[in-house]
Amino acid sequence: MATVTDPAELERLRRKLAAVSRRAYRLGLAPGISGNLSCRVPGQDRVLIKATGMSLGQLTARDVLLMDLEGNLVEESELRPSKERFFHLEVYRRRPDVGAVVHLHPPYALVFAAARQLPPLHTGAARTFLGGRLSLVPPAPSGSRELAEAVGEALGSPGMRAVILAEHGTVTVGADLEEALYLSEYLEDACRTALWLRLLGQAR
């Protein structure tokens, strides 16, 4: 693949990743400095990813780093890429169709993550976008190769779109950043609906 990209295109992708990150934060899907997003540079073995230690709510294009599929920074920077870069890269290596990976800590999905369970899909939208495309990843240390391998295995099959990381958060994939974020929203909505229905069942 080519190794030279139009600087204007790279800047556009950086701005897009920062903007989608800020949206995820405004939606309450990634408190504090949690969560990380990445996107593939079209036509290259290159990925843009959020720098570590940054809040998604304050992310700018300057906080988005360029690396290769082995995790090496392609440009000099004082910042370091997200420690979760390994599972992002594992997904890109296994899934050429994936253009973006979104890892968040949505509050309702975290309830299921803590319980090590998948939510039942009660709504038509949940079944349409997640039915048969959602799986649970067992606990593994954050940033570890073990976690990267487990996420890669779970999302490695074509058609798989989302995982809940036990005791951790969620990962969704898409053709682009918007699609991957939309899936995070659908997953959070499915978890919220499932929990409220359980409460209503107890009330009855």
For E84, the lone unmet condition from (1) closer than 25 Å to A148 by Cα; (2) among the acidic types (D, E); (3) at pLDDT below 95 is (3)
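Being charged (D, E, K, R) and touching a residue at least 60 places away in the same chain (Cβ under 8 Å) is the filter; apply it to segment 151-193 and report the residue that is farthest from R23 (Cα to Cα). Talk me through it step by step, then tell me what you get.
Of the residues in segment 151-193, the ones charged (D, E, K, R) are 153, 161, 167, 176, 178-179, 185, 188-189, 192.
Now narrow it down to the ones that are touching a residue at least 60 places away in the same chain (Cβ under 8 Å): 176, 178-179, 185, 188-189, 192.
Values: D176: 15, E178: 10, E179: 13, E185: 11, E188: 15, D189: 16, R192: 19 Å.
Out of the qualifying residues, it is R192.
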Taking segment 179-202 and the residues there that are under 12 Å from the mean Cα position of the chain (by Cα) and among the small types (G, A, S), the one that is nearest to H122 (Cα to Cα) would be S184
Only listed residue being over 30 Å from R15 (Cβ atoms) and in contact with a helix residue (DSSP H, G or I) (Cβ under 8 Å, 6 or more places away or on another chain), chosen from E149, E178: E149
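Residues that are crowded, with 21+ Cβ neighbours inside 10 Å, out of contact with any Phe, Trp or Tyr (no Cβ under 9 Å at 6 or more places or on another chain) and in a loop (DSSP other than H, G, I, E, B): does segment 152-163 have at least one?
We begin by selecting, within segment 152-163, every residue crowded, with 21+ Cβ neighbours inside 10 Å; these are 154-155, 161-163.
Checking the rest, the ones that are also out of contact with any Phe, Trp or Tyr (no Cβ under 9 Å at 6 or more places or on another chain) come to 154, 163.
From what's left, in a loop (DSSP other than H, G, I, E, B): none.
Checking segment 152-163: not a single residue is crowded, with 21+ Cβ neighbours inside 10 Å, out of contact with any Phe, Trp or Tyr (no Cβ under 9 Å at 6 or more places or on another chain) and in a loop (DSSP other than H, G, I, E, B).
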Filter result for G71 (touching a Ser or Thr at 6+ places or on another chain (Cβ under 7 Å) and on the phi > 0 side of the Ramachandran plot): no
Mind checking whether some residue in segment 85-108 is out of contact with any helix residue (DSSP H, G or I) (no Cβ under 8 Å at 6 or more places or on another chain), closer than 26 Å to L195 by Cβ and surrounded by 16 or more Cβ atoms within 10 Å (Cβ to Cβ)? yes
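Given the criteria aliphatic (A, V, I, L, M) and touching a strand residue (DSSP E or B) at 6+ places or on another chain (Cβ under 9 Å), does A194 qualify? Explain how you work it out, then say what you get.
Numbers: aliphatic (A, V, I, L, M): yes; touching a strand residue (DSSP E or B) at 6+ places or on another chain (Cβ under 9 Å): no.
Answer is no for this residue.
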Matching residues in segment 181-195 - criterion: being in contact with a helix residue (DSSP H, G or I) (Cβ under 6 Å, 6 or more places away or on another chain) and either assigned to a strand (DSSP E or B) or among the charged types (D, E, K, R) (or both): E188, R192
Residue pairs, Cβ under 7 Å, 6 or more apart or interchain, first in segment 41-57 and without any contact (Cβ under 8 Å) to a residue 12 or more places away in the chain, second crowded, with 17+ Cβ neighbours inside 10 Å. List them. none
First in segment 105-134 and among the polar types (S, T, N, Q), second anywhere and surrounded by 14 or more Cβ atoms within 10 Å (Cβ to Cβ) and in a helix (DSSP H, G or I), Cβ under 8 Å, 6 or more apart: T123/D189; T123/A190; T123/T193
Name the one entry in E70, E78, E146 that is outside any loop (DSSP other than H, G, I, E, B) and exposed (fewer than 15 other Cβ atoms within 10 Å of the Cβ). E146
If you check V91 against the conditions, is it part of a loop (DSSP other than H, G, I, E, B), within 13 Å of the chain's Cα centre (by Cα) and not aromatic (F, W, Y)? no
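The values are calculated or read from the model by the stated rules, or taken from the named source; none is laboratory data. Everything numeric here is computed off the predicted structure, so don't read it as measured data. In this analysis, Cβ positions are derived from the backbone assuming ideal geometry, glycine residues included, and neighbour counts consider all displayed protein chains.
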